[in-house]
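Structure first, then comments.
The values are calculated or read from the model by the stated rules, or taken from the named source; none is laboratory data. Given the structure is predicted, the values throughout are model-derived calculations rather than measurements. Note: ideal-geometry Cβ built from the backbone for every residue, glycine included; neighbour counts use all protein chains shown. Calculation scope for accessible area: heavy atoms of the full protein, side chains included, ligands and nucleic acids excluded. Shrake-Rupley method; radii C 1.70, N 1.55, O 1.52, S 1.80 Å.
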Amino acid sequence: IVHRLDKDTSGVVVLAKTPESLQFLLKQFKERRPKKEYVTLVFGRLGEKKGRITRELARSKRNPMRRAVVNKGKDAITEWQLEEKLGEFSLLRVWPLTGRMHQIRVHMHWLGFPIVGDALYTIRHKRPPAGTKRQLLHAEKLTVKLLNGAVKMFTAPLPEDFAEVLKNLRNPSHPPFKKGGVNAGG
């Protein structure tokens, strides 16, 4: 395994077939060369069309399972672009330029627009839209250089559960929120 996705994040991962390709790919990730592109649904309506978050991250002192924005941690850079406003939610395209654990999730939470369905970083009283079963964060594209020198983009289509939530939000005849409470974790 060359890299991993957070639990409940869908999308592209890269596996190496040989020890040589593993080392070649690991070096690229260490040097931050792969280009990663995500799609996510967040709570709130962003006022800006795009942005860049450059805030350092470290393990949270209150909860060791979480990461937090800090003044002296590891550098983390996330760029985002607004794709669509959907009522009380925003669909974003996100590019993590560094590869820190939970980076997108922490940066969006810090910005005040937590990822829908993220039980670890979403404020509990926020109500997810109908059909939310997990955090709506999807690694859609990953571009890496292969051992033979070719640059390859791998893609993963939006999963059915994520697409269903978007369909519900775009169709006013569907209920906007999940029935039975306010559990942000799905």
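Compute the label zone of residue 20 within the stretch 148-168: residues whose backbone N is under 12 Å from the point 7 Å along Cα-to-Cβ.
Within reach of a label on residue 20: 148-149.
Using 0.36 nm per residue, how much length does the chain from residue 54 to residue 35 gain when fully extended, once their Cα-Cα distance is taken away?
Net length gain for the segment: 5.1 nm.
Of all trypsin sites (Lys or Arg not before Pro) in the stretch 89-154, which ones are in loop regions per DSSP and have a Cβ with at most 11 other Cβ atoms within 10 Å?
124
Taking all protein chains in place and a 1.4 Å probe, what share, in percent, of the accessible surface of the chain do carbon and sulfur account for?
52
Springs between alpha-carbon atoms under 10 Å, Gaussian network over the chain: tell me which of 116, 14, 151 tops the mean-square fluctuations.
Judging by the Gaussian network model, the answer is 151.
What number of lysine-lysine pairs in the stretch 46-115 show an alpha-carbon separation below 19 angstrom, given a sequence spacing of 8 or more or placement on distinct chains?
Counting lysine pairs in the stretch 46-115 gives 4.
Relative to the longest principal Cα axis of the chain, at what angle does helix 160-170 sit, 0 to 90 degrees, rounded to 10?
The two axes meet at around 40 degrees.
Using 0.36 nm per residue, how much length does the chain from residue 6 to residue 98 gain when fully extended, once their Cα-Cα distance is taken away? Working shown, then result.
Details: separation 92, 0.36 × 92 = 33.12 nm, distance 1.48 nm.
Here the segment from residue 6 to residue 98 would lengthen by 31.6 nm.
Over the chain, what is the relative contact order in percent, taking alpha-carbon pairs closer than 8 angstrom and at least six residues apart?
Rounded, it is 25 percent for the chain.
As a test of reading the structure, rank 75, 6 by solvent-accessible area (1.4 Å probe, protein chains only), most first. Kindly include the intermediate steps, with their values, before the conclusion.
Details: 75 65, 6 40 Å².
These residues rank, largest area first, as 75, 6.
Taking only protein heavy atoms and a 1.4 Å probe, what accessible area per residue, in Å², does the chain have with all protein chains in place? Don't jump to the answer; show the numbers that get you there.
On the way: 10760 Å² over 186 residues.
Dividing the accessible area of the chain by its residue count gives 58 Å².
For the stretch 1-66, which trypsin sites (Lys or Arg not before Pro) pass both filters: DSSP loop (anything but H, G, I, E, B) and at most 12 other C-beta atoms within 10 Å? Present the calculation step by step, with values, prior to reporting the outcome.
Numbers: sites: 4, 7, 17, 27, 30, 32, 35, 36, 45, 49, 50, 52, 55, 59, 61, 62, 66; in loops: 4, 7, 17, 32, 45, 49, 55, 61, 62, 66.
Sparse-neighbourhood loop trypsin sites (Lys or Arg not before Pro): 4, 7, 17, 49, 61, 62.
Rounded to the nearest 500 deg cm²/dmol, what is the calculated helix-only ellipticity per residue at 222 nm for the chain, with -39500 (n - 2.57) per DSSP H run of length n ≥ 4?
Values: 3 runs with 32 residues, N = 186.
My calculation for the chain gives -5000 deg cm²/dmol from helical runs alone.
Under 19 Å Cα to Cα from residue 7, which aspartates and glutamates show up? Leave out anything in the same chain fewer than 8 places away.
Output for residue 7: 37, 118, 140, 160, 161.
With every protein chain left in place, what is the accessible area of residue 90 in Å² (1.4 Å probe, nearest 10)?
So the heavy atoms of residue 90 present about 0 Å² to solvent.
At most 16 other C-beta atoms within 10 Å and a DSSP loop state: those are the exposed GluC sites (Glu not before Pro) I care about. Give me the longest piece of the chain that has none.
On the way: sites that count: 31, 48, 88.
Between the exposed loop sites, the longest stretch runs 89-186.
Expected output is a single nm value to one decimal: the length gained when fully extending between residue 84 and residue 145, i.e. 0.36 nm times separation in residues minus the C-alpha distance. What is it?
Fully extending the segment from residue 84 to residue 145 adds 18.8 nm.
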